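The next block holds one structure in the form of structure tokens; read it before the comments.
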């Protein structure tokens, strides 16, 4: 058997603690499967005095994760600190510079600095593994990088944030408002005290940037992604989606459009018959469309200590076996900057909810504005409110579902509708993915 693989873990939060416990509990099994003993010899965390349900007595404690990354006491550095800058970035760079393999679950670090870190890993002949950075326990990184190596991937899309999926599921099932569901998610620990990163789509965008690079062999700048969250979704939208045969999910979507990459994060209506529509609660799912396998969907726990630890330990096991793939699927030298498709050029179907002033000819005038931009409707639903007193004014909710059109044409038409004064509120627009 080979010499033991000595592991140092930086970050002892929920994930770090779960990784340590799993490496200890599965030590014998991992040795059988990898042909090498894997032992944790060192740890680092921000607060040494913090109570933890972990046995750290025989481990070398490092106050500085960078010092641990450089130490001769470890052979493998596991980064579970989080954040795109600061100690996480410095420690990963130090480990790779020292020629040590790195395992990380840090999607923000990879989304912002993945190219530079992959280049450093290649130069130093060190592994850089990050299965846990996307979709928790779902092995989507290995699937794209290795399992589908013989496929031309055309599209990847997924439910990549469990917090948003939980909120939308509760809103749909129970008719609750967004604020109420968010408060419940925070109480249960599914959402942070500051939920911005999750509910405004940034977490999904970080993960999508990683998936797109692996899927298409290009460097995708996260700043080029269109990002929308779920704060504006209402029970009325979810009810309308249900009646139209759809469910609303926050999706990260990246696809080839000619020579360009269309990358976006936003609430999306998906057919009830699709695999993604069946995924509720905090579960994640990723669907890959490729030429050989056609359509492949992976579903599983996308967050939490145990699920994420499962992915981290899988990467540790690969390194123990001596597996070292190009971190981003292809050598960094051949990865070209992605030519991204501006959102204004996106083409697809749209759901539009308007609060139309109850005046004669309003709906006809709105339809005329749409026709000016060659936008036609698959359906138009006008819901009459309860009878009001004669002479009173009010609004009527109108739902439009368009056939395939271009985003810029739709936005131009809606700007004209707003300027005409026929609607009382900003239009609600949700993109439809019919595939």
Conditions (1) under 27 Å from residue 346 (Cα atoms); (2) within 16 Å of the chain's Cα centre (by Cα) -> residue 307 fails only (1)
Does residue 379 satisfy being modelled with pLDDT of 95 or more, surrounded by fewer than 17 Cβ atoms within 10 Å (Cβ to Cβ) and touching a helix residue (DSSP H, G or I) at 6+ places or on another chain (Cβ under 9 Å)? no
Scan the range 65-96 for residues that are under 30 Å from the mean Cα position of the chain (by Cα) and over 20 Å from residue 21 (Cα atoms) and report the count. 16
Hey, residue 38 in a loop (DSSP other than H, G, I, E, B), modelled with pLDDT of 95 or more and closer than 24 Å to residue 126 by Cα or not: no
Taking residue 25 and the conditions (1) free of Cβ contacts under 8 Å to residues at least 24 places away in the same chain; (2) under 22 Å from residue 321 (Cβ atoms); (3) over 32 Å from the mean Cα position of the chain (by Cα), which numbered condition does it fall short on, given that it satisfies the others? (3)
Assuming residue 137 fulfils every condition listed in (1) at pLDDT 95 or above; (2) within 18 Å of residue 315 (Cα to Cα); (3) surrounded by fewer than 24 Cβ atoms within 10 Å (Cβ to Cβ); (4) in contact with a strand residue (DSSP E or B) (Cβ under 9 Å, 6 or more places away or on another chain) apart from one, which condition is it? (1)
Given the conditions (1) part of a helix (DSSP H, G or I); (2) under 18 Å from residue 313 (Cα atoms), report the number of the one that residue 66 does not fulfil. (2)
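For (1) without any contact (Cβ under 8 Å) to a residue 24 or more places away in the chain; (2) in the same structural domain as residue 23 (by TED's automatic domain parsing); (3) surrounded by fewer than 18 Cβ atoms within 10 Å (Cβ to Cβ), each residue gets a yes or a no:
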residue: 48; (1), (2), (3): yes, yes, yes
residue: 51; (1), (2), (3): yes, yes, yes
residue: 118; (1), (2), (3): no, yes, no
residue: 145; (1), (2), (3): no, no, no
Does residue 389 satisfy being modelled with pLDDT of 90 or more, farther than 21 Å from residue 417 by Cα and either in the same structural domain as residue 404 (by TED's automatic domain parsing) or not in a loop (DSSP other than H, G, I, E, B) (or both)? no
Within the range 186-202, is there a residue that is touching a strand residue (DSSP E or B) at 6+ places or on another chain (Cβ under 7 Å), under 21 Å from residue 118 (Cβ atoms) and in a helix (DSSP H, G or I)? no
Take residue 208 and decide whether it is within 29 Å of residue 129 (Cα to Cα) and out of contact with any helix residue (DSSP H, G or I) (no Cβ under 8 Å at 6 or more places or on another chain). yes
The one condition in (1) touching a residue at least 60 places away in the same chain (Cβ under 8 Å); (2) in contact with a strand residue (DSSP E or B) (Cβ under 7 Å, 6 or more places away or on another chain); (3) closer than 19 Å to residue 178 by Cα that residue 227 fails to fulfil: (1)
Looking for something touching a strand residue (DSSP E or B) at 6+ places or on another chain (Cβ under 8 Å) and touching a residue at least 40 places away in the same chain (Cβ under 8 Å) - is there at least one such residue anywhere in the range 168-177? yes
Would the range 366-373 turn up any residue that is in contact (Cβ under 8 Å) with a residue 12 or more places away in the chain, farther than 30 Å from residue 130 by Cβ and either part of a loop (DSSP other than H, G, I, E, B) or in contact with a strand residue (DSSP E or B) (Cβ under 6 Å, 6 or more places away or on another chain) (or both)? yes
Residue selected from the range 143-163 under the condition in a helix (DSSP H, G or I) and in contact with a helix residue (DSSP H, G or I) (Cβ under 6 Å, 6 or more places away or on another chain), by the criterion nearest to residue 281 (Cα to Cα): 163
Residue under question is residue 49, and the condition is that it be modelled with pLDDT of 95 or more and either over 28 Å from the mean Cα position of the chain (by Cα) or assigned to a loop (DSSP other than H, G, I, E, B) (or both); does it hold? no
Contact list, first residue from the range 86-98 and buried (at least 22 other Cβ atoms within 10 Å of the Cβ), second anywhere and in a helix (DSSP H, G or I), beta-carbon distance below 6 Å, six or more apart or interchain, is 88/109; 91/65; 91/66; 91/69; 95/69; 96/120; 96/121
Which one is surrounded by the most Cβ atoms within 10 Å (Cβ to Cβ), of the residues in the range 319-342 that are modelled with pLDDT under 95 and in contact with a strand residue (DSSP E or B) (Cβ under 7 Å, 6 or more places away or on another chain)? 327
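The values are calculated or read from the model by the stated rules, or taken from the named source; none is laboratory data. As the structure is a computational prediction, the values presented were derived from the model and not from experiment. Positions of Cβ are backbone-derived with ideal geometry, glycine not excepted, and every protein chain shown enters the neighbour counts.
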